[in-house]
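The values are calculated or read from the model by the stated rules, or taken from the named source; none is laboratory data. Just so you know, these numbers come straight off a predicted model, no measurement behind them. Here the Cβ is made from the backbone with ideal geometry for all residues, glycine too, and neighbour counts use every protein chain on show.
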Amino acid sequence: MADSSAARRATISDVAREAGVSISTASVVFSGKAKVSEATRARVIAAAEELGYTGPDPMAASLRRGRSGIVAVVLEGPLRAAFLDPVTIPMMDGITDGLASLGAGVLLLRDSAEDGDAPNLTTAPVDAVVLIGCSGRTRDALEIVRTRGLPVVVIEGDAGDGIPQISLDNRDASAAVAAHVRDLGHERVATITLPLTGEAERGDVDDARLSTMTVDVTRDRLAGVRDVFPNVHAWSAGGSSIDEGLIAGRDLLADEDRRPTAIIAQSDLLAAGVIRAAEELGLRVPEDVSVCGFDGIRVDGIGDHVLTTTVQPAVEKGRAAGEQIARMLRGEPADSLHFTCRFRAGTTTAAPPA
């Protein structure tokens, strides 16, 4: 008959019994929190190897602490897009830096789960939540999260009263880029926005579409451009990528009669796509059309151009969010923090063609 003990995980009690020591003595051998003699340590380790004991059960430890050791990071849109975004990656690095004092793991979640059985914001076994943006879908789930008593921090979004925000001067930074374009003498200006809602629809932005806008970053960056150019023609992209910028640029630049002399994009990737669209049409940047971005990332595939843009502190934003989560999990009050961008003039803007 098979030994029934082989069907279960060996425990620290089993090890202590086999080694002929107390459970507390066996425990400190694995925890390292107190000194034991080398002979006792060797006896405990030998017993553990004999029984196949590999250390404390992390699930049991989590239950004793009342924590999972996991912090959720909630992103808008497909998770695969997060690892293609040169802004999200350094921001994630910052978040993990900020959480380092906790020794916590990070679980990436979408703002909505397509599979009803998959973990989502309302069901995932996590200790705290970092929201990157706060879409309408996220707001719907957030009340459930708050009833669970989980600490929440939002990066560039408004998740409601009592939730610390890590904010960026999106409106002022966009206005600074637009003012640069205005000071060069441009009047026919267009702007390419990030998605207005979670549906990521492309096309001209009219009043009806503006009334449905739910993405705070898009709203603030558009407001900044309109502070300088109140009647700017806006065109929304389906996401932040070079391909989306190429699609938008083709549409805005195709008609010579309505062609803008400057295009302000809400991300550097979108701006890179506009430059490619201009080159396809035989237009020179910046002689025929000026192009600006937002983010301050390194963009490949735009030749010798240095993009005119605004540089945002992505790592610092993420680190601040992680640090505030760590503070709340230690029982300390958290703060809302505000970061600013730095305008960087490049070679992609010049006076409009005569």
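Taking residue 247 as the residue in question, decide whether it is modelled with pLDDT of 95 or more, under 24 Å from residue 170 (Cβ atoms) and either basic (Lys, Arg) or in a strand (DSSP E or B) (or both). So residue 247 does not fit the description; no. Take the conditions modelled with pLDDT under 85, surrounded by fewer than 18 Cβ atoms within 10 Å (Cβ to Cβ) and in contact with a strand residue (DSSP E or B) (Cβ under 7 Å, 6 or more places away or on another chain) and apply them to residue 79. Does it pass? Here the answer is yes, as residue 79 does meet what is asked. Inspect segment 250-266 for any residue being out of contact with any strand residue (DSSP E or B) (no Cβ under 7 Å at 6 or more places or on another chain), in a loop (DSSP other than H, G, I, E, B) and farther than 21 Å from residue 305 by Cβ and give the result as yes or no. Yes - at least one qualifying residue is present in segment 250-266.
Annotation: of all residues in segment 326-347 being in contact with a Gly (Cβ under 8 Å, 6 or more places away or on another chain) and at pLDDT 95 or above, the one that is surrounded by the most Cβ atoms within 10 Å (Cβ to Cβ) is 341. Looking across segment 327-354, the residues that are in contact with a strand residue (DSSP E or B) (Cβ under 9 Å, 6 or more places away or on another chain) and of a type in the set (A, V, I, L, M) come down to 328, 329, 334, 337, 345, 350, 351. Given the criteria crowded, with 21+ Cβ neighbours inside 10 Å, touching a residue at least 40 places away in the same chain (Cβ under 8 Å) and under 30 Å from residue 103 (Cβ atoms), does residue 266 qualify? So residue 266 does not fit the description; no.
This table checks each residue for (1) within 20 Å of the chain's Cα centre (by Cα); (2) within 30 Å of residue 108 (Cβ to Cβ); (3) outside the structural domain of residue 85 (by TED's automatic domain parsing).
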site: 280; (1), (2), (3): no, no, yes
site: 295; (1), (2), (3): yes, yes, yes
site: 299; (1), (2), (3): yes, yes, yes
site: 302; (1), (2), (3): no, yes, yes
site: 305; (1), (2), (3): no, no, yes
site: 319; (1), (2), (3): yes, yes, no
site: 322; (1), (2), (3): yes, yes, no
site: 331; (1), (2), (3): no, yes, no
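When segment 140-198 is filtered for residues that are over 20 Å from the mean Cα position of the chain (by Cα) and in a loop (DSSP other than H, G, I, E, B), the ones remaining, listed by number, are 148, 149, 161, 162, 184, 185, 186, 187, 188. Residues in segment 288-315 that are closer than 22 Å to residue 225 by Cα and out of contact with any helix residue (DSSP H, G or I) (no Cβ under 8 Å at 6 or more places or on another chain): 306, 311, 313. Pairing each residue of segment 87-99 that is outside the structural domain of residue 297 (by TED's automatic domain parsing) with any residue that is among the charged types (D, E, K, R), provided the two are 6+ apart or on different chains, yields C-beta distances under 6 Å for 87/295; 91/317; 94/319; 97/319; 98/319; 98/323. When residue 222 is tested against (1) in contact (Cβ under 8 Å) with a residue 60 or more places away in the chain; (2) within 25 Å of the chain's Cα centre (by Cα), exactly one condition is not met: (1).
Residues checked against (1) touching a His at 6+ places or on another chain (Cβ under 9 Å); (2) outside any helix (DSSP H, G or I):
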| residue | (1), (2) |
| --- | --- |
| 286 | yes, yes |
| 299 | yes, yes |
| 303 | no, yes |
| 316 | no, no |
| 331 | no, yes |
